[in-house]
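Asker: Here you go, one structure.
Throughout, read-outs are computed from the coordinates displayed, never taken from laboratory work. In this text, all values refer to a predicted model and were calculated from it rather than measured experimentally. Counting neighbours? That spans all protein chains shown, and the Cβs are built from the backbone with ideal geometry, glycine included.
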Amino acid sequence: MKKALFIFFFFSFAAFAATAQDIEGVVVQARIIDGDTVPVVSLEEIEIYSFSLHIPKTKRQRRRLTRLIRNIKIVYPYAKLAGIELRRYEYRLKHAKTDKERRQILKQAEKEINDKYGDDLRKLTFSQGLILIKLIDRETGSSSYDLVKQLRGSFRAFFYQAFARIWGYNLKEEYDPDGEDRQIEIIVRMIERGQI
């Protein structure tokens, strides 16, 4: 009898404990549509692409893709900084009152950029330099040659282009996200979304 009484109390206590749980509610916005309350929940925006990163089948191509991803991760922050710095200096140049003040701002900008990023940029590999030129075009909407020409003049742009061509670069190269640079665009978007 004691066992039966003990089992009865045990199961009734367990059933009471299971039904007496505190359930915390979540407060959400709601709308009443045709007399029915419908919760309104905001979802995080996602992008859907018609293209994705193609994973190669051969080991050599996978290594090449891994190297490309690593190189983009290294140079992409510099391209973003180039876009930010360009907008900052364009604002300052707009508000310059004289040509002398404008030249001073440009010389100061060149010196600041060289002091801040010069050592890091000199350490980039050839492949990383090519990618950086393309990503600067992506971030600013102008090729590196056009930026130098706009900010420092035609002669300086010609000089930089000639020097770059000696080393195998082309400052006039433009970014083509739908063609030649499609894989770079996919990787950059994945980096921006935090997927890689």
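Asker: Using the Karplus equation 6.51 cos²θ - 1.76 cosθ + 1.60 (θ = phi - 60°), what ³J(HN,Hα) coupling, rounded to whole Hz, does each residue of segment 172-180 give in order, writing x for Gly and Pro?
Answerer: Residue by residue, segment 172-180 yields 8, 5, 9, 7, 10, x, 9, x, 4 Hz.
Asker: Then there is this: Work out, step by step, the length gained on full extension between Val41 and Gln29: first 0.36 nm times the residue separation, then minus their alpha carbon distance; give nm to one decimal. Present the calculation step by step, with values, prior to reporting the outcome.
Answerer: Values: separation 12, 0.36 × 12 = 4.32 nm, distance 0.70 nm.
Residue separation times 0.36 nm, minus the Cα-Cα distance, leaves 3.6 nm.
Asker: Considering every pair of different Cα atoms, what Kirkwood radius, in Å, is found for segment 66-193?
Answerer: 15.5 Å
Asker: Ok, one more. Enumerate the calculated ³J(HN,Hα) couplings along segment 155-161 in order (Karplus 6.51 cos²θ - 1.76 cosθ + 1.60, θ = phi - 60°), each rounded to whole Hz, writing x wherever the residue is Gly or Pro.
Answerer: 4, 5, 4, 4, 4, 5, 5
Asker: HN-Hα J couplings of segment 92-97 from phi, Karplus 6.51/-1.76/1.60, θ = phi - 60°, integer Hz, Gly and Pro as x?
Answerer: Here the 3J(HN,Hα) series is 5, 5, 4, 8, 6, 8 Hz.
Asker: Next question. Shape verdict for segment 142-190, please, from the Cα gyration tensor: rounded (a/c under 1.5), prolate (a/b greater than b/c) or oblate. Present the calculation step by step, with values, prior to reporting the outcome.
Answerer: Details: a/c = 3.44, a/b = 2.06, b/c = 1.67.
Prolate is the answer for segment 142-190, as a/c is 1.5 or above and a/b outweighs b/c.
Asker: Let me ask something additional. Note down the relative contact order for segment 66-193 as a percent, whole number, built from C-alpha pairs under 8 angstrom at least six residues apart. Mind showing how you got there, number by number?
Answerer: Numbers: 91 pairs, mean separation 36.4, N = 128.
Relative contact order of segment 66-193: 28 percent.
Asker: Among 32-45, 167-180, how do they line up by average Cβ neighbours within 10 Å per residue, starting with the highest?
Answerer: Those peptides, ordered most packed to least, come out 167-180, 32-45.
Asker: Something else now. If packing is taken as the mean number of other Cβ atoms within 10 Å per residue, what is the order of 184-191, 153-160, highest first?
Answerer: 184-191, 153-160
Asker: Then there's this: Using 0.36 nm times the number of residues separating Ile84 and Trp167, minus their current alpha carbon distance, what extension gain do you get? Mind showing how you got there, number by number?
Answerer: Numbers: separation 83, 0.36 × 83 = 29.88 nm, distance 2.70 nm.
Length difference between fully extended and current span is 27.2 nm.
Asker: Among the lysines, which fall within straight-line cross-link reach of Lys149, defined as a Cα-Cα distance under 30 Å, with same-chain neighbours fewer than 8 residues apart omitted?
Answerer: Partners within reach: Lys73, Lys80, Lys94, Lys97, Lys100, Lys107, Lys111, Lys116, Lys123, Lys134, Lys172.
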